[in-house]
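Trainee: One structure coming up, written as C-alpha cells, with questions to follow.
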2 protein chains.
Amino acid sequence: MDKSKTPRETILQIVKEKHLMVKEIMSENNIDSWIVFLRESDANPDPVQAFVIGGEIVWTSAFIFFNRDNIFQKIALVGTYDVDAEKAKGIWDEVIGYDEGISTKLKEVVAEFNPNKIALNYSVDSVMSDGLSHGLFLKLKKILNNYQDRFISAAPIIQPLRSRKTETELKLILEAAQVTEVINSEITELFKNGMTEIEIQNIYHSKVEELGLETSWQRVSCPAVDAGPDKQMGHVGPTELIIQKGHTLHNDFGVKRDGYCSDIQRMWFFGKPDQLPDELRHAFDTVRDAITKAFETVKPGITGFQVDKVARDHVISQGYKEFMHATGHQVGTKTHDGGALLGPHWERYGGLPDIRLEKNNVFTLELHVITENYGGVSLEEMIVITDTGVKFLVPRQTDFIFVEL
Amino acid sequence: MDKSKTPRETILQIVKEKHLMVKEIMSENNIDSWIVFLRESDANPDPVQAFVIGGEIVWTSAFIFFNRDNIFQKIALVGTYDVDAEKAKGIWDEVIGYDEGISTKLKEVVAEFNPNKIALNYSVDSVMSDGLSHGLFLKLKKILNNYQDRFISAAPIIQPLRSRKTETELKLILEAAQVTEVINSEITELFKNGMTEIEIQNIYHSKVEELGLETSWQRVSCPAVDAGPDKQMGHVGPTELIIQKGHTLHNDFGVKRDGYCSDIQRMWFFGKPDQLPDELRHAFDTVRDAITKAFETVKPGITGFQVDKVARDHVISQGYKEFMHATGHQVGTKTHDGGALLGPHWERYGGLPDIRLEKNNVFTLELHVITENYGGVSLEEMIVITDTGVKFLVPRQTDFIFVEL
C-alpha cells in the first residue's frame, strides 16, 4: 500500500466514501467515539488506515471520530510535521499538531467530548480489527487512565467499514479480477511440454511487471503453480516439477492493481477432453458443484457458516475427505480481507463464520478435493453480493481448460 | 517486504545470521523463552518477522525460541498448509502443524519446557519491538493463562537483534546508499530553469523504476523535494513550486534495494559559490559542523542522548531555533529502523535515547536550521559504528552542490 502507484485522487476518493460510512456505522452500533491510534505506520501498519487516513504516519497519532446527537466530528491529532499533509487532504474537521508528546492534547480532546464508549482497534478474532499493538494499547491506557472502563473493541465499526465495498472499490476489484483472467488466458497459449513450475511462475511475474502491477500476495507463492499428481498444494512455492501430457496444472493467482486485490484458482488438463481420467472428471465436477451450491446459498442476511456447510457437505457426500480451510474469504485491499468468513465453527475462525453477509461484500468461493492417483483439484471464484443475491465477478470455470502440449 | 524481489537466498542468509544472534542475546539477557506470535502477516505484520521467518504467514503461528543450560531449541508451530514451507527453510529444529486451532499444541510445547520467562513482542517505547497486536496478546493470554505472570517484553531481544547489522545486511545497506548517491548525481546534471518540485520527483521515480527498486518510504514523499525560500520542509509532498537562480533545493531521498533502505538529504544552490548569500553560508556551515560534532561523539557504548545533545547545542549556540526531531535514527529493512535513537529526552521518544550504541549499528545524522530569508537548510548522512568509532557510509556533503541553471 505504502509504495503503491495508486493515484492520490483514488486513495482520497475511497477515504471520503469510507468516512461517510463511519457515521452511519457508529450510529447503528451506538458507539460515540472511535480512536485510531497509530505510530510509524510503515513498520507497524493498522489494516484500517487505508480507509481512515489513506497514507502513512510517522509520529504517534490519534485519528478521532465523535458521534452523538447529530454531532459528527473528525479530528486528526498528529506530530507538527504531519499537520500540513493532513490538512491538505480536506477530510478532517480539525487538525491539531503536537511537538514533544501527544498525551496532553489527547487528554484534552477526549475530556471535552467525554464519550460513553471509546472504540479501539483490537479484536481476538478479527485480524483486520486488530491493528492496535499491545504496547500502543498500554500507552493509550496510561494516557486515558480515567477512561479505561469505557474501552471497547472497534470491530463492530471496522468489520462493516471494510466489508461494505464502495462504488470505487467495487470497480477496482472488478478490474483486478479481469486482469487476472486476461493473464491466465494469455499464459494458456504459452504452455510447452517440459516447462517447470518455476518457469511458469516466472512468466506470470513478467506479465505482472509489464503491466506495472504487483502480485496479490507474496511473489514467492503468487501464483502458486502445482503440476501433476505429486505436488502438495498449499503455500509452497513452485518447484522443478514439469508439466506433461495426461497431467493437470493448478494455479492460485491474483494481482494488486491500484491497491485492490484479486484471488482466483484455475485448473488445466494437458490432453483432450476424452483423455481425461474418470477420477479427475468426478473430482472436478464435485468441486464445481460444491461451488455452485455455495453460490446459490449466498444472499444478504445469511451467515458464512451456512454457506460453508452446503459446500462442505457436498464434498463429503461425494466420498472425499473434507478440506481443512474455509470455503471463502473476503477480498479487498488485502487478498484475505477479513471480517465475515464462509467457514466452519473451528477454533481458529472464532466468531467470524457467524457474521451476517451484506450487500457489496466481495468473497471468494474456493475448495479442493484430493484424488487417489492424479493429485488435487481446486478452484476459486470471486463473487459480489447484490441487493437480493449474488453474482460472479468474472466468468467462472466450469470445466478443465484443455491444452494439448 | 512481502512483494520484494529480494533473492530467496539473501532473505534466508539474513534469517540464519539473525538466528545465530538470538541465542547470544537471550543468554546476555537471561531470557529462557521467546514466542513470536503472528497471524495474517500480510495484513498485520510484525517488524521482527523478517529476521525470524523471512516471509509471510497466513494462519495464527508461534515461532518459539528456548534457551537454557546449553539447550537452544527453535520450534515453528504453524497451520498444516505452512508446514512444508517452514521445513524447507531449514532453520527450525522442529516444525509442528495444526489444523483446527493452535492452542492445544502451544500449551503442550510451553508446558514441556516450562520457561521462567516468556518474552513477547510488545513495547510502549519501541515500535519495532511492538509487533504483537492487542487482540493477539489477549488470545495468547487466554491460551497460556497459567503463565501470564511470566510474560515480559521482548524488546531486550528485538532491539539488539535488529540493530546489530550482520555482514550481509551491512553490504546491502551500503549498496542502497551508493545507489542513492548515484541517482542524486545523475539528477544534478538534469536541473533546468523552470522545473517544478513535482517534475523533479517524477525524474527520481523514473530512475528508481529503471533500476527495479522501490523508494525507501512512501513514494508521495520520497524523495521530498523542497525548492526555494517558501517551502515548508517536512512530510509534505512536492508542489508546483519551481527551482530558480539564487534559490536552494533540498531533498530527502532513499531507495529500498533487496529489502534494505537508505536515507540521505542533500542541498543544491542554483548559482555560483560567490553568489551564495551569507545567511545560507552560515546556515549550511552550522548544519555541517553540528553533524561533524555528532559524528566525532559517536562510538560504541555511548548513548544517543549524548550524541544528540552535542549537535543540538551547536545549533542553538549559532543562534538558531532548536530542531524538533532527533539527530539520528537507525536504518535497516525500514527507513526508521527503531531501537536506540540519537534524540533528546522528550516524551515521544521514551527510553530510546538512553540505549547504548553498539558496533555495526547504522544511523543517520540529520538536522536542519531555518534561515530568515532563504528557507531551511537540512542535511542527512548515513554512518556505521565500528569496533572503536564510526565512519560515513558514503562521502558526506561538505558544501552546497552549486548548479548554474
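The values are calculated or read from the model by the stated rules, or taken from the named source; none is laboratory data. Since this is a predicted model, take the numbers as computed values, not measurements. Virtual Cβ from ideal backbone geometry, glycine too; neighbours counted across all protein chains shown.
Trainee: Would you confirm whether any residue within the stretch A:344-352 is within 14 Å of chain B (Cβ to nearest Cβ), in contact (Cβ under 8 Å) with a residue 12 or more places away in the chain and among the hydrophobic types (A, V, I, L, M, F, W, C)?
Mentor: yes
Trainee: While we're here: If the requirement is being in contact with a Ser or Thr (Cβ under 7 Å, 6 or more places away or on another chain) and more than 30 Å from B:Thr333 (Cβ to Cβ), which of these qualifies: A:Ile71, A:Ile118, A:Ile96, A:Ile75?
Mentor: A:Ile118 is the lone residue from the list that is in contact with a Ser or Thr (Cβ under 7 Å, 6 or more places away or on another chain) and more than 30 Å from B:Thr333 (Cβ to Cβ).
Trainee: A follow-up question, please. Given the criterion surrounded by 23 or more Cβ atoms within 10 Å (Cβ to Cβ) and closer than 30 Å to A:Lys245 by Cβ, identify the matching residue among A:Phe323, A:Phe269.
Mentor: A:Phe269
Trainee: Any chance the stretch A:260-272 includes a residue that's without any contact (Cβ under 8 Å) to a residue 12 or more places away in the chain and out of contact with any Asp or Glu (no Cβ under 8 Å at 6 or more places or on another chain)?
Mentor: No: zero hits.
Trainee: Can you tell me how many residues in the stretch A:60-111 are over 22 Å from A:Lys23 (Cα atoms) and more than 11 Å from every other protein chain (Cβ to nearest Cβ)?
Mentor: Counting residues in the stretch A:60-111 that are over 22 Å from A:Lys23 (Cα atoms) and more than 11 Å from every other protein chain (Cβ to nearest Cβ) gives 3.
Trainee: If we keep just the residues of the stretch B:22-55 that are among the hydrophobic types (A, V, I, L, M, F, W, C) and in a helix (DSSP H, G or I), which is farthest from B:Gly332 (Cα to Cα)?
Mentor: Across the stretch B:22-55, the extreme among qualifying residues is B:Met26.
Trainee: Taking into account only those residues within the stretch B:221-258 that are free of Cβ contacts under 8 Å to residues at least 40 places away in the same chain, surrounded by fewer than 24 Cβ atoms within 10 Å (Cβ to Cβ) and among the small types (Gly, Ala, Ser), which is nearest to the other protein chains (Cβ to nearest Cβ)?
Mentor: B:Gly234
Trainee: Quick check on this structure: which one of B:Gly301, B:Gly319, B:Gly389, B:Gly376 is free of Cβ contacts under 8 Å to residues at least 24 places away in the same chain and over 18 Å from the mean Cα position of the chain (by Cα)?
Mentor: B:Gly319
Trainee: Also: Being outside any helix (DSSP H, G or I) and surrounded by fewer than 17 Cβ atoms within 10 Å (Cβ to Cβ) is the filter here; which residues of the stretch A:73-104 pass it?
Mentor: A:Gln73, A:Gly90, A:Asp93, A:Glu94, A:Asp99, A:Glu100, listed by residue number.
Trainee: Taking B:Asn202 as the residue in question, decide whether it is modelled with pLDDT of 95 or more, buried (at least 19 other Cβ atoms within 10 Å of the Cβ) and out of contact with any Gly (no Cβ under 8 Å at 6 or more places or on another chain).
Mentor: The answer is no for B:Asn202.
Trainee: In the set A:Val109, A:Val179, A:Val124, which member is more than 16 Å from A:Ala62 (Cα to Cα), in the same structural domain as A:Lys16 (by TED's automatic domain parsing) and surrounded by fewer than 23 Cβ atoms within 10 Å (Cβ to Cβ)?
Mentor: Exactly one residue qualifies, and that residue is A:Val124.
Trainee: Would you check which residues across the stretch A:223-240 are part of a loop (DSSP other than H, G, I, E, B), touching a helix residue (DSSP H, G or I) at 6+ places or on another chain (Cβ under 8 Å) and either among the charged types (D, E, K, R) or modelled with pLDDT of 95 or more (or both) and list them?
Mentor: A:Pro223, A:Lys231, A:Glu240
Trainee: Tally time: how many residues in the stretch A:13-61 are closer than 14 Å to A:Ser133 by Cα and either among the charged types (D, E, K, R) or in contact with a Phe, Trp or Tyr (Cβ under 9 Å, 6 or more places away or on another chain) (or both)?
Mentor: Number satisfying all stated conditions: 11.
Trainee: Being of a type in the set (D, E, K, R), more than 14 Å from every other protein chain (Cβ to nearest Cβ) and within 30 Å of A:Arg396 (Cα to Cα), is that true of even one residue in the stretch A:143-166?
Mentor: Yes, because at least one residue in the stretch A:143-166 is of a type in the set (D, E, K, R), more than 14 Å from every other protein chain (Cβ to nearest Cβ) and within 30 Å of A:Arg396 (Cα to Cα).
Trainee: If you don't mind, another one. For B:Asp308, state whether it is in a loop (DSSP other than H, G, I, E, B), crowded, with 21+ Cβ neighbours inside 10 Å, assigned by TED's automatic domain parsing to the domain that holds B:Leu190 and on the phi < 0 side of the Ramachandran plot.
Mentor: Criteria not met by B:Asp308.
Trainee: Here's a follow-up. Residue check, A:Asn114 against (1) within 18 Å of A:Asn30 (Cα to Cα); (2) free of Cβ contacts under 8 Å to residues at least 24 places away in the same chain; (3) within 11 Å of chain B (Cβ to nearest Cβ), all met but one. Which one?
Mentor: The one condition A:Asn114 does not meet is (3).
Trainee: So, in the stretch B:23-59, exactly how many residues are at the interface with chain A (Cβ under 10 Å from one of its Cβ atoms), modelled with pLDDT of 95 or more and surrounded by fewer than 24 Cβ atoms within 10 Å (Cβ to Cβ)?
Mentor: So the count comes out to 0.
Trainee: Would you mind finding the one in B:Asp337, B:Asp354 that is over 26 Å from B:Lys245 (Cα atoms) and modelled with pLDDT under 95?
Mentor: B:Asp337
Trainee: So, one more: From the residues in the stretch B:2-22 that are at pLDDT below 95 and among the acidic types (Asp, Glu), which one is nearest to A:Pro223 (Cα to Cα)?
Mentor: The residue in question is B:Asp2.
Trainee: Which is more than 12 Å from chain A (Cβ to nearest Cβ) and either surrounded by 20 or more Cβ atoms within 10 Å (Cβ to Cβ) or in contact with a strand residue (DSSP E or B) (Cβ under 6 Å, 6 or more places away or on another chain) (or both), of B:Glu380, B:Glu372, B:Glu358?
Mentor: The conditions single out B:Glu380.
Trainee: For the stretch B:134-160, which positions are closer than 20 Å to A:Leu140 by Cβ, crowded, with 20+ Cβ neighbours inside 10 Å and not hydrophobic (A, V, I, L, M, F, W, C)?
Mentor: Residues satisfying the conditions are B:His134, B:Gly135, B:Lys139, B:Ser153.
Each row is one residue, and each column tells you yes or no for (1) at positive phi; (2) at pLDDT 95 or above; (3) part of a strand (DSSP E or B); (4) not hydrophobic (A, V, I, L, M, F, W, C).
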{"residue": "B:Pro344", "(1), (2), (3), (4)": "no, yes, no, yes"}
{"residue": "B:Glu358", "(1), (2), (3), (4)": "no, yes, no, yes"}
{"residue": "B:Phe363", "(1), (2), (3), (4)": "no, yes, yes, no"}
{"residue": "B:His368", "(1), (2), (3), (4)": "no, yes, yes, yes"}
{"residue": "B:Val377", "(1), (2), (3), (4)": "no, yes, yes, no"}
{"residue": "B:Glu380", "(1), (2), (3), (4)": "no, yes, yes, yes"}
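Trainee: Quick one: is A:Asp125 at pLDDT below 95 and under 26 Å from the mean Cα position of the chain (by Cα)?
Mentor: yes
Trainee: Taking only pairs six or more apart or across chains, which ones have beta-carbon atoms under 7 Å, a first residue in the stretch A:118-135 that is within 7 Å of another protein chain (Cβ to nearest Cβ), and a second residue that is part of a loop (DSSP other than H, G, I, E, B) and among the aromatic types (Phe, Trp, Tyr)?
Mentor: A:Asp130/A:Tyr122; A:Leu132/A:Tyr122; A:Ser133/B:Tyr122; A:His134/B:Tyr122; A:Gly135/B:Tyr122
Trainee: Answer yes or no: is there a residue in the stretch A:13-21 that is buried (at least 19 other Cβ atoms within 10 Å of the Cβ), in a helix (DSSP H, G or I) and within 10 Å of chain B (Cβ to nearest Cβ).
Mentor: Scanning the stretch A:13-21, I find no residue that is buried (at least 19 other Cβ atoms within 10 Å of the Cβ), in a helix (DSSP H, G or I) and within 10 Å of chain B (Cβ to nearest Cβ), so the answer is no.
Trainee: While we're looking at this one, here's another question. Of the residues in the stretch B:129-150, how many are closer than 29 Å to B:Thr333 by Cβ and either β-branched (Val, Ile, Thr) or modelled with pLDDT under 95 (or both)?
Mentor: Result for the stretch B:129-150: 0.
Trainee: Return yes when A:His325 is more than 14 Å from chain B (Cβ to nearest Cβ) and out of contact with any strand residue (DSSP E or B) (no Cβ under 7 Å at 6 or more places or on another chain) and no when it is not.
Mentor: Judged against the criteria, A:His325 is not a match.
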